[in-house]
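Since the structure comes first, as structure tokens, the remarks are kept for the end.
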Amino acid sequence: MLFNSIGYIVFLPLVVILYYWLPFRFRWILLLVSSYFFYILWRVEFVLVLMTATLVSYYAAVQMGKLPNKKQRMNYLVLSIVVNLGMLVFFKYFGFFSNLINSIAGFTGKKNFIPLYSILIPIGISFYTFQTIGYAVDVYRGVLKPEKHLGTYALFVSFFPLVLAGPIERGRRLIPQFHVKHDFSPELFTSGLRLILWGMFKKVVIADRLSLFIQPVFSNIGYFHGVEIGITLVMKMMQVYADFSGYTDIAIGSARLMGFNLSPNFNRPFSATSIADFWSRWHISLTSWLRDYVYFSLPSKHHGKTVMWRLNLNLIILFVLVGFWHGPNWNFIIFGLLHGTFMVLARVFHPFLLNFNKVTGLSRVPRLLNSLNIAVTFILVCSTVFFFGSHSVHDSFLMIRNLADFSKTDKAILLPLLKNYDFLLGVALVLFMLYFEYLIKVKSFAVKFLSKPIALRYSAYLFMLFFLLVFGLFASQQFFYFQF
Amino acid sequence: MVTNKQFFKRSLVFILLAVAINTLLNFGYNRGMFYFRQCRVQDEQFRNYPDTLKYLMLGNSHNRIDPALLGNGFSYIMPKEVYTQTYYKLKYILEKTNKKPEYIFLSIDPVNFSPRVEKEMAFDGYWRKFVNYFELLRERNDPGYFRNWLDGYFFSYAGNYRYMLMSVVFRKTDLGLIKNGYIPARNYRNFSKEPDRESLGFKIATVYLSSYGGISTLEDTRSYQKILTLCRQHKIHLILLRMPFTDEYLKYARRMINLDQLDREIVALTRKYCDDFIVFDFRNDFKGKPELFFNADHINPDGASIVSNKIKEELSKIKDFKEVTGSTFRSESGSAACPKSR
């Protein structure tokens with residue numbers, strides 16, 4: 001069931017009404033049943049994978065909870081990680097590794113060393129696997145007591161607002177919320193509705209509209225050159241943001257209707273002043289997960305001393321993992337590698353940059369410096385979209401080559417289409433989205449808005465709702481991050 | 001702090017307001033949308049047309065055959081019409097009216113077999129009176145048809161801001177020009193005067209054909225089969241049309257799909273379900289003649305008149321339809337149509 005489908009518009013109110021109607025002790029049952037129902041609609045077989053992930057990590061955590069020291073708990077941690085990560089690798093990366101091994105075997109004359117199978121990837125597996133592994137590690141580290149109630153734990157893994165594409169929640173943040181009775185709160189409820197409305201707006205009005213122009217370019221890269229590619233890269237970045245942050249807003253809003261507070265996933269990423277800053281604002285639940293459970297676990301010392309090259313190598317590893325998490329494709333690995341390299345370069349050249357800013361006097365004009373940093377970061381991020389958006393490495397390099405080719409501007413295909421109303425509307429809406437989110441996050445717009453007269457607020461909501469209905473595209477397009 | 005009681009009261013007011021605005025928008029759109037107004041005129045003319053109707057044109061806006069030139073014909077086409085909708089319309093005509101056409105004209109252009117078109121069953125506000133959405137839902141196991149049903153009855157304006165604008169721009173259009181259901185081909189633009197012909201050809205070809213994966217993968221093919229079956233059951237001769245396209249459109253369409261193979265597949269499929277059809281192939285007739293087009297994939301009144309006359313000429317040569325069934329009539333160098341392969 002898609003968030004932007006009629007099914008969800010019927011499903012969500014039903015669950016919310018029943019949730020508040022039922023006595024507290026039965027609510028977990030309702031949420032668990034509805035979460036599995038929500039998930040099962042994608043494909044019944046996928047539930048088996050979800051259940052296995054749940055049962056194994058639950059069992060391992062309960063066993064860890066009985067053991068006093070870390071050494072004894074290690075076996076169960078390994079069990080949980082091996083099973084969960086094993087399923088993720090099998091379903092998501094089997095084809096990639098088979099191809100890789102077959103290519104290597106091909107050099108020795110062996111063909112089809114590993115038979116290739118077409119394996120369907122259970123939706124959401126990348127998200128709930130990280131959630132279960134994070135939970136197991138927390139129990140292993142002793143920062144979280146294992147959840148004894150299987151139903152509550154199963155709900156933590158399968159909770160319908162987040163099971164398909166996150167946010168990747170931590171056990172210590174979400175599980176306690178299932179034990180607390182949430183009374184109906186009009187403020188929380190309306191704030192959830194506002195988020196859902198805004199998320200829907202970003203998805204069906206902005207992201208889907210932009211994809212009308214972006215998709216043909218990525219499917220026919222050879223035809224486009226110069227400025228056309230540049231515009232496409234920027235629009236692709238905006239489309240992915242509107243799509244994924246739109247999804248996240250609907251997820252957080254849906255949970256908020258029932259009193260649950262999910263982690264934020266975005267914080268105005270295009271106002272980032274460095275690549276490191278960008279990743280602290282983009283898909284926050286993933287990057288913070290990788291930071292806490294992978295980056296901090298990587299060895300940073302050489303002969304007992306913390307050394308810079310180790311830290312830099314760890315950064316590269318971390319970002320290659322970020323890339324690889326997105327999909328079993330060399331494209332994503334290069335995407336991660338590029339981000340990691342940018343981070344390392346920024347770290348290495350940091351003292352030089354500080355000096356440069358002093359010498360040129362930029363440090364005396366912090367606003368200008370800030371704007372420059374934002375612009376450079378944005379360009380760097382967009383430059384990685386070559387690899388993030390296209391279907392293969394070949395396509396990515398073809399795009400890079402075509403970007404530098406300005407000789408065919410007179411034969412441009414996309415440029416005349418940009419005069420199209422839909423495109424202009426898309427651009428205007430992107431600017432509106434960025435400005436509106438700036439108002440909300442920086443200027444506390446929501447607080448000021450809530451103090452306005454009710455008639456004005458209702459008019460604003462109705463305007464937004466009907467703007468969405470009139471200008472939205474309702475072809476039920478999937479969310480971009482569902483593929484990951 | 002708002003109490004729960006206050007909140008529910010306010011919510012009720014909000015919902016009522018939203019329902020009222022929605023009803024107004026839906027009603028206004030259904031009344032004023034340009035295509036719907038055209039269709040109401042068509043419906044009215046069809047009701048009043050004699051039951052002895054001989055030629056019936058169905059399908060989307062590509063099918064610009066002027067029934068007046070053929071005599072005793074009616075054009076019952078609708079922009080963006082897909083085969084599923086055509087099937088239900090034909091079924092309605094055959095079952096609920098006393099009209100039984102002898103010949104049906106239907107276009108079999110690549111766009112008719114585009115996965116994009118199939119997904120976009122548009123204008124449900126009009127089609128709801130013909131289409132059985134729940135039957136489709138059951139048959140194809142696709143809950144999306146429930147959305148179509150909802151759109152048709154409650155949200156026909158949703159996502160259609162372009163048609164709203166269009167309806168404002170064309171509010172003074174003289175619908176009296178519609179004769180025998182025939183909506184004269186659009187003439188306020190000429191493709192030969194477009195500065196970005198290449199770009200427009202690319203756009204149309206990409207939008208509709210880039211995700212094409214063969215006709216067997218399409219649900220709409222099933223509706224095409226059903227149309228053929230209906231024609232066979234009611235002993236209707238089927239005249240299939242490949243309408244002319246601009247060079248720019250064909251250039252990109254050919255890069256995206258194998259047009260010849262698609263044509264062969266369509267004919268093979270048609271043979272399987274219907275034994276009483278001919279194909280008129282005008283696809284390349286207007287090569288190098290952008291002045292006969294309105295846009296990349298639609299002929300203008302001049303183009304429509306040439307095609308209609310060619311059809312009239314060819315049909316007059318056919319003595320017994322049974323003798324030429326399965327034939328493809330193709331023009332020689334864009335002049336007069338003549339039988340090429342039988």
Name the residues in the range A:14-55 that are open to solvent by less than 80 Å² (accessible area, probe 1.4 Å), outside any helix (DSSP H, G or I) and in contact (Cβ under 8 Å) with a residue 40 or more places away in the chain, would you?
A:42
Looking at A:8, A:20, which is the one that is within 14 Å of chain B (Cβ to nearest Cβ), more than 25 Å from the chain's Cα centre (by Cα) and of a type in the set (Ser, Thr, Tyr)?
A:20
Somewhere in the range A:168-176, is a residue surrounded by fewer than 22 Cβ atoms within 10 Å (Cβ to Cβ), touching a residue at least 60 places away in the same chain (Cβ under 8 Å), under 30 Å from residue A:432 (Cβ atoms) and more than 18 Å from the chain's Cα centre (by Cα)?
no
Using beta carbons and a limit of 8 Å, which pairs, at least six apart or on different chains, have the first residue in the range A:99-121 and farther than 26 Å from residue A:45 by Cβ and assigned to a helix (DSSP H, G or I) and the second one among the basic types (Lys, Arg) and at pLDDT below 75?
A:102/A:111; A:105/A:111
Residue A:195 fails exactly one of (1) open to solvent by 30 Å² or more (accessible area, probe 1.4 Å); (2) closer than 18 Å to residue A:423 by Cα; (3) away from chain B (no Cβ under 12 Å); (4) of a type in the set (A, V, I, L, M), namely (2)
Return yes or no: is residue B:147 surrounded by 19 or more Cβ atoms within 10 Å (Cβ to Cβ), within 11 Å of another protein chain (Cβ to nearest Cβ) and farther than 23 Å from residue B:74 by Cβ?
yes
Filtering the range A:371-397 for residues that are in contact (Cβ under 8 Å) with a residue 60 or more places away in the chain, closer than 17 Å to residue A:277 by Cβ and open to solvent by 20 Å² or more (accessible area, probe 1.4 Å) leaves a count of 5
Criterion violated by residue B:155 - all others in (1) within 21 Å of residue B:18 (Cα to Cα); (2) more than 11 Å from every other protein chain (Cβ to nearest Cβ) satisfied:
(2)
Cross-chain or 6+ apart pairs with Cβ under 8 Å, the range B:129-149 first and closer than 23 Å to residue A:469 by Cα and without any contact (Cβ under 8 Å) to a residue 12 or more places away in the chain, then aromatic (Phe, Trp, Tyr) and crowded, with 17+ Cβ neighbours inside 10 Å
B:147/A:474
If the requirement is being at pLDDT 90 or above and farther than 17 Å from residue A:150 by Cβ, which of these qualifies: A:101, A:17, A:114?
A:17
Evaluation of residue B:228 against (1) more than 19 Å from residue B:303 (Cβ to Cβ); (2) buried (at least 20 other Cβ atoms within 10 Å of the Cβ); (3) within 14 Å of another protein chain (Cβ to nearest Cβ) (one fails), failing number:
(3)
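Matching residues to (1) among the basic types (Lys, Arg); (2) surrounded by fewer than 16 Cβ atoms within 10 Å (Cβ to Cβ); (3) over 30 Å from residue A:121 (Cα atoms):
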position	(1), (2), (3)
A:310	yes, yes, yes
A:314	no, no, no
A:352	no, yes, yes
A:360	no, yes, yes
A:369	no, no, yes
In the range B:64-98, how many residues are buried (at least 23 other Cβ atoms within 10 Å of the Cβ) and within 25 Å of residue B:301 (Cα to Cα)?
13
Take the residues in the range B:161-180 that are touching a Gly at 6+ places or on another chain (Cβ under 9 Å) and assigned to a loop (DSSP other than H, G, I, E, B), then tell me which one is nearest to the other protein chains (Cβ to nearest Cβ).
B:171
Grab the helices (runs of 4 or more DSSP H) fully contained in the range B:66-159, keeping just those with 2 or more residues being in contact with a strand residue (DSSP E or B) (Cβ under 6 Å, 6 or more places away or on another chain).
B:67-70
Among the listed residues A:204, A:240, A:227, A:217, which satisfies the condition of being surrounded by fewer than 20 Cβ atoms within 10 Å (Cβ to Cβ) and of a type outside the set (S, T, N, Q)?
A:227
Keeping to the range B:1-39, report how many residues are over 19 Å from residue A:463 (Cβ atoms), surrounded by fewer than 11 Cβ atoms within 10 Å (Cβ to Cβ) and modelled with pLDDT of 90 or more.
1
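Quick grid of which residues meet (1) modelled with pLDDT of 90 or more; (2) in the same structural domain as residue A:134 (by TED's automatic domain parsing); (3) in a helix (DSSP H, G or I); (4) farther than 30 Å from residue A:451 by Cα:
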site	(1), (2), (3), (4)
A:174	yes, yes, yes, yes
A:177	yes, yes, yes, no
A:207	yes, no, yes, yes
A:214	no, no, yes, yes
Confirm whether residue A:343 is buried (at least 19 other Cβ atoms within 10 Å of the Cβ) and more than 20 Å from the chain's Cα centre (by Cα).
no
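The values are calculated or read from the model by the stated rules, or taken from the named source; none is laboratory data. Since this is a predicted model, take the numbers as computed values, not measurements. No Cβ is skipped: glycine too gets one built from the backbone with ideal geometry, and neighbour counts run over all protein chains shown. What goes into the accessible areas is simple: the full protein's heavy atoms, side chains included, and nothing from ligands, DNA or RNA. Shrake-Rupley method; radii C 1.70, N 1.55, O 1.52, S 1.80 Å.
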